[in-house]
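*Asks:* Submitted below is the structure of interest, expressed as structure tokens.
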Amino acid sequence: MFRSTKIVATLGPASSAPEVLERMVRAGVDVVRLNFSHGTADDHLARAALIKEIATKVGRTVAIMCDLQGPKIRVGKFKEGRVTLEKGQRFVLDAGLQIGDGERAGLDYKELPRDVDAGSVLLLDDGKIVLDVTGVRGEEVHTVVRHGGVLSNNKGINRQGGGLTAPALTAKDMEDIRTAAKIQADFLAVSFPKTGADMYMARELMRAAGGKAFLIAKIERAEAVGEAALLDIMRGSDGIMVARGDLAVEVGDASVPALQKKMIRLAREQNKLTITATQMMESMISSPVPTRAEVSDVANAVLDGTDAVMLSAETASGRYPVEVIEAMDRICLEAEQTQPLNLEQDFLNRVFTRVDQSIAMAALFTAYHLKVKCIASLTESGSTALWMSRLNCGVPIYALTSQTATRYRCALFRDVFPLMVKYVGHDREELLREAEKALVDNKVVKQGDIIVITFGEPIGKAGGTNTMKIVRIGENLKP
């Protein structure tokens, strides 16, 4: 049984051994995430080469996503490595300090004194520690501890309600974009964008470095969740990541579930991809089975229509990197069985201005009503397959392409399964025979099955899908 929702797994110390990585790929990983917050450029290049080698050996399409670190809004280091803060005590965040102690901490982010004032609320270490700002004196931010606890080196800082001015792309990110281009990454995730301009800049840098990655905007700032800001960011991106960690700290954890649903719905309407991330199977870092709440969380993301669900520490540093993928695979498959089909409803209020989009929608409508075995989209760029995957018609979509980059891109599209077709000529009947052969060889269809095929004429031109054909398997295969 094919799983429509894709699984993204972060690589790290727990998933670096070739035998573990191979078991993860066999368990169902569709995209691996290289987290540029950790490791060197050489580490990432080596991991990327290993995953390509293993995916080829196993015979699965596994795409690579490079995730930029973004601005480091963190406290500095402490003399003892950590301090304990008590409720009610005074604590100073000092941009000029090198090594912190029990009364003050240094800052990686030197602009913090300019971004806050008396009354601001600062959340440290994902909200575990809360500081109320009482005043700012030069480079010092004076605070009183509202919720205390242990604060260790380099923990993150958020401001409640957003408002930190750090740019989305740092000098390190710009260097990392060059590494991602060298890896030939299929996706580039940009941390903390506030506007579409942040994404356009990342795209320009990626192109200048010779990369062609799809851009994923990580929505994790309070400024990014308003509808106008979201649409602006989406226009500069190919997809979004619902990054629930930092987002929950800035907007409040109770706001996140409704925001997740809104973001996924908006992205699908805009023909953009979506990844739902953060703490999806957190307990499986140390437990071989998920909690019931985690099962519900993953299933709900599937029912919301997300393209992919993502694992972070669970596969990067957890004890059960293979088991967590198997569990996620099982949950997604089960949730997909109950997915409601509202295609008639989804077609209402849609306006198609392009021929290729109209063909994609016609194929969905036909497949849904004829109950065909599958839709086969002969695609150079992957656009037709992407548009089809934005609506749920209950029929698997096979993206047949001669472009390697398109094949890997389609690995993240919900409901889409990429297959390579080697045909490079311009004869229509020969192309259709080649497409049928690929589907039969991969045991997708058998003699007599009815399928819907979309393609473009003249053959081989990107963005030119203008033809839909209903085919009975076997008719084109006769000599």
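*Asks:* Got at least one residue in region 189-197 being over 19 Å from residue 68 (Cα atoms), in a loop (DSSP other than H, G, I, E, B) and open to solvent by 40 Å² or more (accessible area, probe 1.4 Å)?
*Replies:* no
Here is a yes/no grid of residues against (1) open to solvent by 10 Å² or more (accessible area, probe 1.4 Å); (2) part of a helix (DSSP H, G or I):
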position: 431; (1), (2): yes, yes
position: 439; (1), (2): no, yes
position: 443; (1), (2): yes, no
position: 452; (1), (2): no, no
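*Asks:* Kindly indicate which of 8, 29, 25 is crowded, with 20+ Cβ neighbours inside 10 Å, part of a loop (DSSP other than H, G, I, E, B) and either in contact with a helix residue (DSSP H, G or I) (Cβ under 6 Å, 6 or more places away or on another chain) or touching a residue at least 12 places away in the same chain (Cβ under 8 Å) (or both).
*Replies:* 29
*Asks:* Select from region 11-47 the residues that are over 19 Å from residue 177 (Cβ atoms) and hydroxyl-bearing (Ser, Thr, Tyr) and list them in ascending order.
*Replies:* Result: 15, 16.
*Asks:* What number of residues within region 342-353 are surrounded by 13 or more Cβ atoms within 10 Å (Cβ to Cβ) and out of contact with any Ser or Thr (no Cβ under 6 Å at 6 or more places or on another chain)?
*Replies:* Residues flagged as surrounded by 13 or more Cβ atoms within 10 Å (Cβ to Cβ) and out of contact with any Ser or Thr (no Cβ under 6 Å at 6 or more places or on another chain) within region 342-353 amount to 3.
*Asks:* Can you tell me which residue is nearest to residue 406 (Cα to Cα) among those in region 367-388 that are open to solvent by less than 30 Å² (accessible area, probe 1.4 Å) and hydroxyl-bearing (Ser, Thr, Tyr)?
*Replies:* 379
*Asks:* From the list 59, 12, 76, which one is out of contact with any strand residue (DSSP E or B) (no Cβ under 8 Å at 6 or more places or on another chain) and small (Gly, Ala, Ser)?
*Replies:* Going through 59, 12, 76 in turn, just one is out of contact with any strand residue (DSSP E or B) (no Cβ under 8 Å at 6 or more places or on another chain) and small (Gly, Ala, Ser): 59.
*Asks:* Residue 448 versus (1) small (Gly, Ala, Ser); (2) at pLDDT 90 or above; (3) open to solvent by less than 20 Å² (accessible area, probe 1.4 Å): which is the lone unmet condition?
*Replies:* (3)
*Asks:* So for region 374-395 (the condition being among the aromatic types (Phe, Trp, Tyr) and touching a residue at least 40 places away in the same chain (Cβ under 8 Å)), does at least one residue qualify?
*Replies:* yes
*Asks:* Do we find a residue being touching an Asp or Glu at 6+ places or on another chain (Cβ under 9 Å), within 24 Å of residue 387 (Cβ to Cβ), open to solvent by 10 Å² or more (accessible area, probe 1.4 Å) and at pLDDT 95 or above anywhere in region 204-217?
*Replies:* Within region 204-217 (the criterion being touching an Asp or Glu at 6+ places or on another chain (Cβ under 9 Å), within 24 Å of residue 387 (Cβ to Cβ), open to solvent by 10 Å² or more (accessible area, probe 1.4 Å) and at pLDDT 95 or above), the answer is yes, since at least one residue qualifies.
*Asks:* Next question. Regarding region 316-339, can at least one residue be identified that is β-branched (Val, Ile, Thr), open to solvent by 40 Å² or more (accessible area, probe 1.4 Å) and either over 20 Å from the mean Cα position of the chain (by Cα) or farther than 25 Å from residue 386 by Cα (or both)?
*Replies:* Yes: one or more hits.
*Asks:* Are any of the residues in region 412-424 under 21 Å from residue 8 (Cα atoms), part of a helix (DSSP H, G or I) and open to solvent by less than 60 Å² (accessible area, probe 1.4 Å)?
*Replies:* Checked against the condition, which is being under 21 Å from residue 8 (Cα atoms), part of a helix (DSSP H, G or I) and open to solvent by less than 60 Å² (accessible area, probe 1.4 Å), region 412-424 yields at least one hit.
*Asks:* Evaluate region 239-257: report whether one residue or more is open to solvent by less than 20 Å² (accessible area, probe 1.4 Å), at pLDDT 95 or above and in contact with a Gly (Cβ under 7 Å, 6 or more places away or on another chain).
*Replies:* No, every residue in region 239-257 fails to be open to solvent by less than 20 Å² (accessible area, probe 1.4 Å), at pLDDT 95 or above and in contact with a Gly (Cβ under 7 Å, 6 or more places away or on another chain).
*Asks:* State which residue pairs qualify: first residue at positive phi and inside region 141-157, second residue assigned to a strand (DSSP E or B) in any location, beta carbons under 8 Å apart, and separation of 6 or more residues or different chains.
*Replies:* So the pair list comes out as 149/84; 149/85; 149/129; 154/74; 154/75; 154/77.
*Asks:* What number of residues within region 389-408 are in a loop (DSSP other than H, G, I, E, B) and small (Gly, Ala, Ser)?
*Replies:* Here the count works out to 2.
*Asks:* Let me ask something additional. Name the pairs whose Cβ atoms lie under 6 Å apart, with the first residue in region 168-183 and under 9 Å from residue 205 (Cβ atoms), the second at pLDDT below 95, and 6 or more positions between them or separate chains?
*Replies:* none
*Asks:* Which of the residues belonging to region 44-65 are out of contact with any helix residue (DSSP H, G or I) (no Cβ under 9 Å at 6 or more places or on another chain), outside any loop (DSSP other than H, G, I, E, B), of a type outside the set (Val, Ile, Thr) and exposed (fewer than 14 other Cβ atoms within 10 Å of the Cβ)?
*Replies:* Passing the criteria: only 46.
*Asks:* Can you give me the ranges of the strands (runs of 3 or more DSSP E) entirely in region 112-162 with at least 2 residues that are under 24 Å from residue 224 (Cβ atoms)?
*Replies:* Output list reads 121-124, 129-137, 157-159.
*Asks:* Would you confirm, using the coordinates I've provided, whether residue 363 is within 24 Å of residue 335 (Cβ to Cβ), modelled with pLDDT of 90 or more and open to solvent by less than 40 Å² (accessible area, probe 1.4 Å)?
*Replies:* Against the criterion (within 24 Å of residue 335 (Cβ to Cβ), modelled with pLDDT of 90 or more and open to solvent by less than 40 Å² (accessible area, probe 1.4 Å)), residue 363 does not qualify.
*Asks:* For the subset of region 32-43 comprising residues that are touching a residue at least 24 places away in the same chain (Cβ under 8 Å) and farther than 19 Å from residue 412 by Cβ, which member is surrounded by the fewest Cβ atoms within 10 Å (Cβ to Cβ)?
*Replies:* So, considering only residues that are touching a residue at least 24 places away in the same chain (Cβ under 8 Å) and farther than 19 Å from residue 412 by Cβ, the one surrounded by the fewest Cβ atoms within 10 Å (Cβ to Cβ) is 37.
*Asks:* Going by the structure shown, is residue 287 assigned to a helix (DSSP H, G or I), surrounded by fewer than 24 Cβ atoms within 10 Å (Cβ to Cβ) and at pLDDT 95 or above?
*Replies:* no
The values are calculated or read from the model by the stated rules, or taken from the named source; none is laboratory data. A quick note: this is a predicted structure, and the numbers were derived from the prediction, not measured. With ideal geometry, Cβ positions are generated from the backbone for all residues, glycine too; neighbour counts draw on all protein chains shown. Accessible surface is based on the protein model in full, side chains and every heavy atom, while ligands, DNA and RNA are left aside. Shrake-Rupley method; radii C 1.70, N 1.55, O 1.52, S 1.80 Å.
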